[in-house]
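**Q** Take this structure first; my questions come after.
The values are calculated or read from the model by the stated rules, or taken from the named source; none is laboratory data. Keep in mind the model is a prediction, meaning the values are calculated, not measured. Glycine also receives a Cβ, built like all others from the backbone with ideal geometry; neighbour counts cover every protein chain displayed. What goes into the accessible areas is simple: the full protein's heavy atoms, side chains included, and nothing from ligands, DNA or RNA. Shrake-Rupley method; radii C 1.70, N 1.55, O 1.52, S 1.80 Å.
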Amino acid sequence: MYFHQWKDDFSEARNYSLKFPTCEWVLIYDADEEVKGDFSGIREFLENLPKDVNTIYLPTISYLDLDLKSTEITSTPRVFRNGTVKYENIVHNQAIYKGKVVNAPFKIYHYGYIWTRKLKKKKYERSRTLIAKMLEDRSRLSKVEELYYVAQLYKIEAIGGNVYKKYKLANELFDLMMKYKQFTPIVLEIMFTHGMDFYNKGFYDSSEKIFKETLKILKENPDPYCGLSLVYEAKKRLRQSY
């Protein structure tokens, strides 16, 4: 076990930890996560990989409620050949790694989204401060990074219950999306959520605009089509809804 002073920088701490492994493979694994019996097969899986494979994506199952019934599943890079990865950005840090990449079925279970009221306030204040700091100088961010961090700030304000700030950030994200003509999965998620939010409040024209503009950039994703079909049904434009 190694100790390191916290410097308000997740990547700095992560990269410090990467100085210590001496084995062939490194697993990135947090204190609010666990693995279960099905993870035991990963050693044999790694032993049989071709030498040109450097990075392994694993599924992370995040529990969202105390009953462990509501979940979110993402696939993230978790296992790396020693010396082939580093992290960037002070919050929601990104792994910079080498290919070749493969996916593996070994699950990681994440409990960090099950927040008590006290922990929710603490995480909101910490994350919002660091994300806002990332966005202070946007000239050093790529277009994708700017989209990503505005989207993350939206999610933090949503968690904090700040509806006005959340809507303002959703509008900013929409404008950036249209300006850059680019998407990331989290932007799509928020545009769909924002469009459905308008739909549920009866603002069908605003909802329709978001879904239509989203489709101009990302025609192959089914989510905006789903949103549009609901809007058209609500507006009694049944032929278009199908």
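**Q** Would you check if there is a residue in the stretch 192-203 being in contact with a Phe, Trp or Tyr (Cβ under 8 Å, 6 or more places away or on another chain), among the charged types (D, E, K, R), without any contact (Cβ under 8 Å) to a residue 40 or more places away in the chain and part of a helix (DSSP H, G or I)?
**A** No, there is no match, as no residue in the stretch 192-203 is in contact with a Phe, Trp or Tyr (Cβ under 8 Å, 6 or more places away or on another chain), among the charged types (D, E, K, R), without any contact (Cβ under 8 Å) to a residue 40 or more places away in the chain and part of a helix (DSSP H, G or I).
**Q** So which of LEU58, LEU46 is more than 23 Å from the chain's Cα centre (by Cα), of a type outside the set (Phe, Trp, Tyr) and within 15 Å of PHE80 (Cα to Cα)?
**A** On inspection, the qualifying residue turns out to be LEU46.
**Q** While we're here: Please go through the stretch 53-94 and give me each residue that is out of contact with any Asp or Glu (no Cβ under 6 Å at 6 or more places or on another chain), among the β-branched types (Val, Ile, Thr), part of a loop (DSSP other than H, G, I, E, B) and open to solvent by 20 Å² or more (accessible area, probe 1.4 Å), ordered by number.
**A** Residue satisfying the conditions is THR84 alone.
**Q** Determine which member of the set ARG43, ARG126 is closer than 20 Å to ALA151 by Cα and open to solvent by 40 Å² or more (accessible area, probe 1.4 Å).
**A** Going through ARG43, ARG126 in turn, just one is closer than 20 Å to ALA151 by Cα and open to solvent by 40 Å² or more (accessible area, probe 1.4 Å): ARG126.
**Q** I would also like to ask the following. Please work out which one of (1) out of contact with any His (no Cβ under 6 Å at 6 or more places or on another chain); (2) open to solvent by 40 Å² or more (accessible area, probe 1.4 Å); (3) not in a strand (DSSP E or B) is the condition TYR16 fails and give its number.
**A** (1)
**Q** Can you find even one residue in the stretch 156-171 that is of a type in the set (Asp, Glu), part of a helix (DSSP H, G or I) and open to solvent by less than 20 Å² (accessible area, probe 1.4 Å)?
**A** yes
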